[in-house]
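The values are calculated or read from the model by the stated rules, or taken from the named source; none is laboratory data. Values in this document were obtained by computation on a predicted structure and should not be read as measured data. In this analysis, Cβ positions are derived from the backbone assuming ideal geometry, glycine residues included, and neighbour counts consider all displayed protein chains. Surface areas here come from the heavy atoms of the whole protein model, side chains and all, with no ligands, DNA or RNA. Shrake-Rupley method; radii C 1.70, N 1.55, O 1.52, S 1.80 Å.
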Amino acid sequence: MTDMTANIPTSHVRRLNFASTEAQARVRSRYRTEARFRWYGIAALTVTTVFLVVLVADIVVKGFPAFWQNSVYLDVALPAETVDPKGNRDTAEIRGADYNALARAALAAAIPGIEGRAAKKQLNELLSSGAADNLREEVVANPTLIGTTVKAKLLLSDNADLYLKGDGTSITRYAATRGIATPTATTGEVKVLVSSNDFAEILVSIKRDLELRGGALEREARRLDGNPDAGAHVKELRAEAQGLKDRYSKPSVAETLDARMPTRLIATNGGLIKISAISDSEATGEVLLPLTSTAEAKAGDWQIVTYETPEASRNVNDRMVTFLEKLKAENKVASNFNFAFFTSGDSREPELAGILGALVGSALLLVVTLLICLPIGVMASIYLEEFAVKNWMTDIIEININNLAAVPSIVFGLLGLAVFLNFFGLPRSAPLVGGLVMALLVLPTIIIAARAALKAVPPSIKEAALGVGASKQQAIFHHVLPLAMPGIMTGTIIGMAHALGETAPLLMIGMIAFIVDVPQGFTEAATALPVQIYLWSDLPEPAFQAKTAAAIVVLLVFLFLMNGTAIWLRKRFERRW
């Protein structure tokens, strides 16, 4: 080598001057390029992390309220003639008693003086249809409570629960009243007279609201002027705007309040009056909470209360807000962890709906998937990698396995619908069928991962086993396969996580049905957690929005755990050859 170098003419030898200006400029340019590439990578990771954090945070914030539930604690009487009229302490008879009626009676006792069918109905709507379920189980477990009065936890309805969680209205109280207020009655329609113009500020505020509404209507009319199909609607808008203008242009004229305005109330003599018409010194309204008397209330002893959010924009009306605020002021409302979310099945009532049925259905589905795809996937990968002859047939099989791993999941759902349901007649919406479909979906992924794990084992392991007299089958199953098992398990867990999060195939085989009972076997009707999320997201009740987000949180936790387990197995059993 030295002789060859010595024979090269010096004129043909390229000499590099690393100290030259050009060489240093090239080095600096290369460093700048590497720095830019590094910052591009950091920026990409930062953007991805920000989007992920925002997404997860949004889901958690929306779903967190569903993990808590508000209940009202009341003294409930358990008369023997209602709970156990025969007095034989029969469990079935005790369980069949009307505990909801007892709960409604306890609520009526907590807010006395409510008259009228509509008012009583709104009071009862504060309680869930399953409000007394816990009370029923408590009495069944301890019949000695019959004939006594117990403090029971009664579940509130979904709208009442949402209101207490903040989906309600802010309340403003004006205590600086100047005149003497005199109500004309304690219930029903009431007129309140004041010796000063304490209502003038409210009247001005109402006129201002009318002016804003009139301006909005006029702007909408101008926007639709050029639309020939909206001529009648434009006339209606302008007529309504003119009517509002006639009202707010007369500042001293009394006004009538409607559901699109903030609710104004008068708190006096232990009761609450909702104002329906008002002038500077007089108000007419409906009693929401009965007054104790019609005595005069001195300045400062009565208040003007405002529910800032209009009644038309709330899920609970003014009377229900009043009832809830009274119960809350008396410390009869408490928030507890919602264990029923994890221990009950689906329900049409949001406050009673849980994910236990979906969790059990997902577990049964994954068991079927694992029992089918793991042994078949491992055996197929061993055959293709170690025993199959390398020819055009195996090439076609490998190509199709890779293609199946990229097929949209709904195609497997259509396959399951055509084969398992229509041809074989298996039960619709059963975990058995769902597991078979998911096994077809996950099988290509497990085969590819298992083959990669087998390839990662050094050939010298198998050669050494063959060298000491082991058969090819013994060398593979006794030596190669145990060393490849961590990689196989990692691929299997990732495949199971994929199956856990799939929805489209399950919709095609009928697992979208509304299932209340928790499935007890592989052939019973069931649903899965992703399908439960899909069903809840399509329901109109606002409380189901939080339930949907909470179910997504649970699903994400399971997916994170499964993927974390896969990472831990890879790190724990990874070998450096």
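One table, with the values for the structure above:
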| quantity | calculated |
| --- | --- |
| Label point distance in nm, Thr91-Arg178, each placed 7 Å from Cα along Cα→Cβ | 7.1 |
| Val411 paired with His233, simple spin-label distance in nm, labels 7 Å along Cα-to-beta-carbon | 4.5 |
| Nitroxide proxy distance, nm - points 7 Å out along Cα→Cβ at Lys245 and Thr49 | 5.9 |
| Difference of contour (0.36 nm per residue) and Cα-Cα distance, Leu212 to Ala254 | 13.3 nm |
| Mean residue ellipticity (222 nm) of the chain, computed from DSSP H runs ≥ 4 via -39,500 (n - 2.57), nearest 500 | -17000 deg cm²/dmol |
| Leading residue at positive end of dipole, the chain (Cβ point charges), from Phe423, Ala277, Val333 | Phe423 |
| By average C-beta atoms within 10 angstrom, highest first, the peptides 433-441, 398-406, 138-146, 549-557 | 433-441, 549-557, 138-146, 398-406 |
| Of all accessible heavy-atom area on the range 419-508, the percent that carbon and sulfur account for (1.4 Å) | 66 |
| Contour excess over end-to-end distance, with Cα ends at Leu426 and Ala77 and 0.36 nm allotted per residue | 120.5 nm |
| Debye, to nearest 20: dipole size of the chain, +1 on Lys, Arg Cβ, -1 on Asp, Glu Cβ | 2480 |
| Sequence-separation-based contact order of the chain, relative, with Cα cut under 8 Å and 6+ spacing, percent | 15 |
| All-pairs Cα distance distribution in the range 354-447, expressed in whole percent, bin size 10 Å | 16, 39, 31, 11, 2, 0 |
| With DNA, RNA and ligands ignored, accessible area of Val389 (1.4 Å probe; Å², nearest 10) | 100 |
| Gap separating the Cα centres of the range 242-317 and the range 439-516, nearest whole Å | 71 |
| FRET efficiency estimate (nearest 0.05) - Cβ-Cβ, Phe573 to Ala464, R0 30 angstrom | 0.90 |
| Within-13-Å neighbourhood charge of Leu237 [Cβ basis; K, R +1; D, E -1] | +2 |
| Evaluated at q = 0.13, 0.16, 0.18 Å⁻¹: base-10 log I(q)/I(0), Debye formula over Cα of the range 407-487 | -0.59, -0.69, -0.74 |
| Reported label for calculated Cα Rg over 2.2 N^0.38 Å given (1) 1.48; (2) 0.99; (3) 1.52 | (1) |
| For the range 212-307: Kirkwood Rh in Å [reciprocal of mean 1/r, alpha carbons] | 16.0 |
| Heavy-atom accessible area per residue - the range 323-429, 1.4 Å, Å² | 51 |
| Kirkwood Rh (inverse of mean 1/r, distinct Cα pairs), the range 113-169, angstrom | 13.3 |
| Semi-axis lengths (Å, descending) of the ellipsoid that matches the C-alpha gyration tensor of the range 433-549 | 44, 14, 10 |
| Qualifying aspartates and glutamates (Cα of each under 12 Å from Cα of Lys250; at least 8 residues distant if same chain) | Glu211 |
| Hypothetical label at Phe339: residues of the range 347-365 whose amide nitrogen lies under 16 Å (7 Å Cα-Cβ projection) | 354-356 |
| Peptide ranges 504-513, 113-122, 30-39, 479-488 listed from the most packed, as the mean C-beta count within 10 angstrom indicates | 504-513, 479-488, 113-122, 30-39 |
| Probe 1.4 Å, accessible area per residue of the range 70-172, Å² | 47 |
| Segment Met379-Ser20, extension gain: residue separation times 0.36 nm, minus the distance between their alpha carbons | 122.9 nm |
| Of the DSSP H helices in the chain, those whose Cα atoms cover at least 30 Å axially and whose Kyte score averages 0.0 or more | 21-63, 356-382, 431-456, 543-573 |
| Reach of Lys390 by Cα under 27 Å, taken over lysines that are not fewer than 8 positions away in the same chain | Lys455, Lys462, Lys472 |
| Per-selection Rg to Rh, the range 283-363 - Cα, Kirkwood hydrodynamic radius | 1.20 |
| Nearby aspartates and glutamates by direct alpha-carbon distance to Lys120 (threshold 16 angstrom, same-chain neighbours under 8 apart not counted) | Glu286, Asp318 |
